[in-house]
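Just so it is clear, none of the values below were taken in a lab; they were calculated from the coordinates. Everything numeric here is computed off the predicted structure, so don't read it as measured data. Here Cβ is always computed from backbone atoms with ideal geometry, including for glycine, and neighbour counts include all displayed protein chains.
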Amino acid sequence: MSSRALNVLKNVFGYDAFRGRQADIIDQVSQGGDALVLMPTGGGKSLCYQVPALLREGVAIVISPLIALMQDQVSHLQEAGVSAAALNSALSVDERREIAGRLRRGEIRLLYLAPERLLQEHTLSFLQQLPISLFAIDEAHCVSQWGHDFRPEYLQLSQLAELFPQVPRIALTATADVRTRQEIIQRLQLQHAKEFVSSFDRPNIFYRITPKDNARRQLLQFLAPRKGDSGIVYCLSRKSVDSIAEFLVEKGFSALPYHAGLSNDVRAAHQQRFINEEGLIMVATIAFGMGIDKSNVRFVAHLDLPKSIEAYYQETGRAGRDGLAADAWMVYGLQDVLLLKQMLASSEGEERFKRLEQHKLDAMLALCEETRCRRQTLLGYFDEQLDQPCGHCDNCTEPPKTWDATEAARQALSTVYRTGQRYGVGHVLDVLLGKENDRVRSMGHQHLSVFGIGKGIGEHQWRSLFRQLVARNLVDVDVEGFGGLRLNDACRPLLRGEVQLQLREEAGKPPVTYQASQASKLVRPEQRDTWEQLRALRKRLAGEHSVPPYVIFPDSTLKDMLDQQPQSMSDMAQVSGVGQVKLERYGAEFLAVFTAANSGTPAAEPVHDLQHEIITLARHGMTPEQIARQHSCSLKNVYSHLARAIGNGQLSLEQALDLPDDLLGELQDAFLDGDGELPPAAEIARQFSTLDEGIVYCVRAALQAEFG
Ligand code: ADP
Ligand code: ZN
């Protein structure tokens, strides 16, 4: 690995080491080779082209399908001090012209573009006159006609190979399957590209799938230890999105709905709030998520079953992009299974597609009913083998009990058969349990030999058994009619006693325990206060800079600060994610959280008292010199206390100092002469060499307090 790449990683992005295959990928592209990168969400794809872009001559062209994603990336880069821009339809003609000018002058290192803009004749001919360092094709799976994100314009990106034969190309995607990979290679002419395939495991995500009992109560239990965290709750229907969002708000959570039935404006506003706020829960249909780069989504909860493992993986994958602990949590029940089967049956489309969808749903159901490690099953589905159980999913940490359900299943199936293969679970259960109600009597089912044979097992467990039979396709459901159960070929060996059936045991209602939050383990209780201070500071800075909070620093950086407890700017520079520019911009303010936190400890209490004392004396009209004498401390010390008090609004400049008006005016002009940022006080102090430097600091603090 070249030391230049490591330097860029450290100085610009503030990280110490490359992750996974980043170093190899960066080597390949920096040296002018093509690359195809398959890496899961949160794996660190961006750096794979951003670092080479900074190592090579010219401007890097990044092709991205969504304006929101581009904007996020550009903000990240700008905050790190890298000049980047996005050309998109949201810009005015003037803004576009301005960017073109900067490009010609070689002032932009990364340019983000939508494919349709890139492919316009005049864009291509403009770019041909520029030195180009590389092309990065983000979300490269958009080229696949089979995928959900197909974008026809992506197909034409194959032209780049012919138009810019000397420029390396790197295609990136988080879509794992082999077919998509082959399509990308073929359609983007990447036959000579080196392939870099990472594991698709998301080790920081804890998976939990629980039978649905009372979804709202279960959701509340899940959310209780997660107050203040951002997350997504997925529901299938718009109606349930609305009602769950309302319910959560009633229960004191900050939650918003998101679905296709809301107007564009409302949706955009809710999405924006989710990105910019901390601790907001988005209750959404699957329409929400694409184009969200928020790195600190701490949980994804499913109240309804996704249609496939692909969908489950993608949706849960939105949690924990920052690599910190996150939860994927789901409840599901028989009703979900029936509903999805029904939707499938009534959907339009070719038979073979329906069969494919049916297989996908079956795989999803198998994952739900799985008794072994969830992660092994999940990755296995994507043809990736995990040798050991992961130790980080519900089945690993609380291995489910299984029971021999062979006899019970036979009783259930016989009851289905004897009642005529027409009734749904409810009626079959009544017969099994020997409930003599009106419907049972009207059918004469109380006289059947199976009436009451299931009394030895509780209703809850029977329901769980039926769900598992349906999930395993051991019994068919008439989803086009009224949900009647029917026997099928698959259940015959069971009825004949040729096979055994082991099922998950769910005796009784699930216990009312709070499942510990993975994310809440992030911050130890004694760190909570400081953590909240750091988040509040980040939020304020984000507002001032008009970027989302996680663009200022990701949670992982705040967490590293908490663990490192920096006491100086050089400590701060060691924190992961603090590059040079961010250190200059934000280092001091974040440092103050720690130094101030320390001054609150008993040992440092006198300092705190002195500050109060000095403020009081100044308010009473004492000059700094008098205060210094009274407390026998240095004048410099007094001035620094005064400046701090002025800066945080506890004291006005007039109270602190008695300065002649003309001198004050001159000082203020000197500070305000530049454009924007106030110059450092030391610089101004040099111009007013006869003045005590402390005065200059106080004036600066006053200006800062005034102009924010
Ligand atoms: P992806 O695009 O693959 O979803 P990102 O590029 O957004 O992932 O990276 C996810 C997170 O990991 C970001 O916060 C990023 O800054 C961080 N990250 C990436 N590479 C490294 C690294 N080598 N060391 C530390 N953090 C990293
Ligand atoms: Zn596991």
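Points to keep in mind about this one:
- Base-10 log of normalised Debye intensity for the range 140-254 (one unit scatterer per alpha-carbon) at q = 0.16, 0.22 Å⁻¹: -0.85, -1.20
- Unit charges on C-beta of K, R, D, E only; dipole of the range 526-707, Debye: 560 debye
- With 30 Å as the limit, the listed pairs Lys239/Lys455; Lys212/Lys239; Lys10/Lys636; Lys239/Lys294 have Lys239/Lys455; Lys10/Lys636 beyond it between alpha carbons.
- Whichever aspartates and glutamates have a C-alpha closer than 15 Å to that of Lys227, once near sequence neighbours (fewer than 8 apart) are set aside: Glu250, Glu277, Glu278, Asp327, Asp529, Glu532
- Largest to smallest principal axis extent of the C-alpha atoms in the range 402-504, angstrom: 35, 32, 23
- Over all pairs of different C-alpha atoms, the chain has a mean inverse distance whose reciprocal, the Kirkwood radius, equals 29.6 Å.
- Ignoring lysines fewer than eight residues from Lys354 along the same chain, the ones with Cα atoms less than 20 angstrom from its Cα are Lys307, Lys341.
- Nearest-0.05 FRET efficiency for Ser263 and Arg486, computed from C-beta distance (R0 25 Å): 0.05
- Dividing the helix sum by the residues of the chain, where each DSSP H run of 4 or more adds -39500 (n - 2.57), gives a mean residue ellipticity at 222 nm of -13500 deg cm²/dmol.
- Fully extended contour minus Cα-Cα distance, from Glu459 to His545, at 0.36 nm per residue: 25.2 nm
- Computed FRET value (nearest 0.05) for Asn437 with Ala345, which takes r as the C-beta separation and R₀ as 35 Å: 0.75
- Between Gln580 and Asn473, the contour length at 0.36 nm per residue exceeds the alpha carbon distance by 32.6 nm.
- Restricting the GluC sites (Glu not before Pro) of the range 67-144 to loop positions (DSSP other than H, G, I, E, B) with no more than 14 neighbouring Cβ atoms within 10 Å leaves Glu107.
- Across the options Thr595, Gln31, Ala409, the greatest Cα extent toward the positive end of the charge dipole of the chain (unit charges at beta carbon of Lys, Arg, Asp, Glu) belongs to Ala409.
- For the range 566-588 and the range 605-668, distance of Cα centres in Å: 29 Å
- Average Cα contact separation per residue, the chain, under 8 Å, 6 or more apart, as relative contact order %: 12 percent
- Other-chain or far-sequence residues with amide H under 5 Å of Leu503's (modelled H): Trp403, Ala405
- Placed amide H near Ala136: partners under 5 Å, 5+ positions off or other chain: Ile61, Val62, Ile63, Ile170
- Sorting the segments 299-306, 23-30 by their mean number of nearby beta carbons within 10 angstrom, highest to lowest, gives 299-306, 23-30.
- Charge-dipole axis of the range 3-197 as Lys and Arg at +1 and Asp and Glu at -1 on Cβ define it, positive-most pick from Gly20, His76, Val143: Gly20
- Modelled FRET efficiency - R0 25 Å, Glu107 with Glu153, Cβ distances, 0.05 increments: 0.35
- Across the range 3-197, the mean sequence separation of Cα contacts (distance under 8 Å, 6 or more residues apart), normalised by length, yields a relative contact order of 31 percent.
- Projected over every direction and averaged, the convex hull enclosing the alpha-carbon atoms of the range 205-397 yields 11.4 nm².
- Nearest-20 debye value, the chain charge dipole, Cβ charges on Lys, Arg, Asp, Glu: 2640 debye
- Positive-pole candidate from Val431, Ile185, Gly444, dipole of the chain, charges at beta carbon: Gly444
- A DSSP coil position with no more than 12 other Cβ atoms inside 10 Å describes the following trypsin sites (Lys or Arg not before Pro) in the range 52-112: Arg105.
- Descending by average beta-carbon neighbour count within 10 Å, the peptides 62-75, 392-405, 454-467, 317-330 line up as 317-330, 62-75, 454-467, 392-405, the highest first.
- Cleavage-rule hits, GluC sites (Glu not before Pro), the range 358-453, DSSP coil, Cβ neighbours within 10 Å at most 13: Glu436
- Once you reduce the range 61-122 and the range 236-281 to the center of their Cα atoms, the two points are 31 Å from each other.
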